[in-house]
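The values are calculated or read from the model by the stated rules, or taken from the named source; none is laboratory data. This one's a predicted model, so the numbers in the text were calculated from it and none came from an experiment. Positions of Cβ are backbone-derived with ideal geometry, glycine not excepted, and every protein chain shown enters the neighbour counts.
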Amino acid sequence: MNLGFPKTAIVLMDSEINIGPNRANKFFQKQIGMHHRKRNGRMDVKTFDRLSKIPISDEDLCEALISERREFYARLVKRNSVYARYHNGWNNRLDDIHKFVNEN
């Protein structure tokens with residue numbers, strides 16, 4: 001199924017690798033406006049149906065997902081300082097993926 005969101009697909013794939021598919025998909029569902037009780041972490045018919053009905057661009061959704069991950073990493077570090085040593089690397093990864101999707 002091609003819904004015309006290639007940049008978002010790249011960011012989502014990277015998110016699934018880095019933070020796990022369930023969390024990544026819940027972040028996606030949040031960004032497309034699914035109510036928190038309906039966020040099941042699966043790319044199912046309800047998720048694709050919601051995406052097809054909202055007025056959002058690939059670029060805006062991509063930016064929102066990257067932003068959501070930055071906030072997630074900041075919360076991790078704030079909650080447990082043991083993660084602080086990874087914070088720069090995580091942000092560098094997001095900078096790289098952001099650059100990649102904007103160049104292609």
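Count of the range 41-58 residues, restricted to those that are touching a residue at least 12 places away in the same chain (Cβ under 8 Å) and either of a type in the set (S, T, N, Q) or surrounded by fewer than 18 Cβ atoms within 10 Å (Cβ to Cβ) (or both), is 11. Go over the candidates Asn2, Asn92 one by one and state the one that is surrounded by fewer than 18 Cβ atoms within 10 Å (Cβ to Cβ) and modelled with pLDDT of 95 or more. Going through Asn2, Asn92 in turn, just one is surrounded by fewer than 18 Cβ atoms within 10 Å (Cβ to Cβ) and modelled with pLDDT of 95 or more: Asn92.
Within the range 44-54, does at least one residue satisfy the condition of being farther than 18 Å from Phe5 by Cβ and either of a type in the set (Ser, Thr, Tyr) or modelled with pLDDT of 95 or more (or both)? Taking every residue of the range 44-54 in turn, none turns out to be farther than 18 Å from Phe5 by Cβ and either of a type in the set (Ser, Thr, Tyr) or modelled with pLDDT of 95 or more (or both).
Residue under question is Leu76, and the condition is that it be at pLDDT 95 or above, within 16 Å of Asp14 (Cα to Cα) and surrounded by 15 or more Cβ atoms within 10 Å (Cβ to Cβ); does it hold? No.
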